[in-house]
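Following this message is one structure expressed as structure tokens.
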């Protein structure tokens, strides 16, 4: 009986003095998804960018919500062969010339079925004059039980952009006139 008490007291003492460790975000949660994406983006010299997220239909199905992937597919269908379309840059690095040395993932809000995560990036060159240009926000939704990116938002020269808005504007501009 005394041995059990000492054992329990000893365990309680060890637990009380051991430092609390921050847990890594779950891989299937918005912060975990963004941490995995940016870990890949920042590998090497961070010059490969994040086009792997949006480069083809399979990649978009893996990372993007069904509605955003459908909007992207509609843009692709309306883009003439050999042309770029509405998204002519790497939205993951907010650049034409990716340069990611480090990143910080910060949850901004999370509800049961939607979340927003901000990612602040720093490059080797540090040539961005506007601090807002270093922050990319990801709006997530639960899609078939999984977290998926539903919009990507950032700024260029301090002026905001949204992938969803860019796609919608492109689709609107390429709508064919209806016959009467």
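Quick one: count up the residues across the range 89-104 that are outside any loop (DSSP other than H, G, I, E, B) and surrounded by 13 or more Cβ atoms within 10 Å (Cβ to Cβ).
The total comes to 4.
Can you name the residue in the range 41-61 that is surrounded by 14 or more Cβ atoms within 10 Å (Cβ to Cβ) and in a helix (DSSP H, G or I) and, of all such residues, is modelled with the lowest pLDDT?
Restricting to residues being surrounded by 14 or more Cβ atoms within 10 Å (Cβ to Cβ) and in a helix (DSSP H, G or I), the top hit is 51.
Only one residue in 86, 22, 36 is within 21 Å of residue 120 (Cβ to Cβ), outside any helix (DSSP H, G or I) and either out of contact with any strand residue (DSSP E or B) (no Cβ under 9 Å at 6 or more places or on another chain) or modelled with pLDDT of 95 or more (or both), so which one is that?
22
What single numbered condition from (1) in contact with a helix residue (DSSP H, G or I) (Cβ under 8 Å, 6 or more places away or on another chain); (2) surrounded by 17 or more Cβ atoms within 10 Å (Cβ to Cβ) fails to hold for residue 133?
For residue 133, the exception is condition (1).
Kindly provide the set of residues from the range 39-50 that are out of contact with any strand residue (DSSP E or B) (no Cβ under 7 Å at 6 or more places or on another chain) and at negative phi, ordered by number. First the steps, then the outcome.
As a first pass, look at the range 39-50 and keep what is out of contact with any strand residue (DSSP E or B) (no Cβ under 7 Å at 6 or more places or on another chain): 39-41, 43-48.
39, 40, 41, 43, 45, 47, 48, listed by residue number.
So that you can scan it fast, the table gives a plain yes or no per residue for (1) surrounded by fewer than 16 Cβ atoms within 10 Å (Cβ to Cβ); (2) part of a loop (DSSP other than H, G, I, E, B):
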{"residue": "68", "(1), (2)": "no, no"}
{"residue": "74", "(1), (2)": "yes, no"}
{"residue": "106", "(1), (2)": "yes, no"}
{"residue": "116", "(1), (2)": "no, no"}
{"residue": "128", "(1), (2)": "no, yes"}
{"residue": "152", "(1), (2)": "no, no"}
{"residue": "166", "(1), (2)": "no, no"}
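The values are calculated or read from the model by the stated rules, or taken from the named source; none is laboratory data. Keep in mind the model is a prediction, meaning the values are calculated, not measured. Glycine gets a Cβ as well: all are built from the backbone with ideal geometry, and neighbour counts include every protein chain shown.
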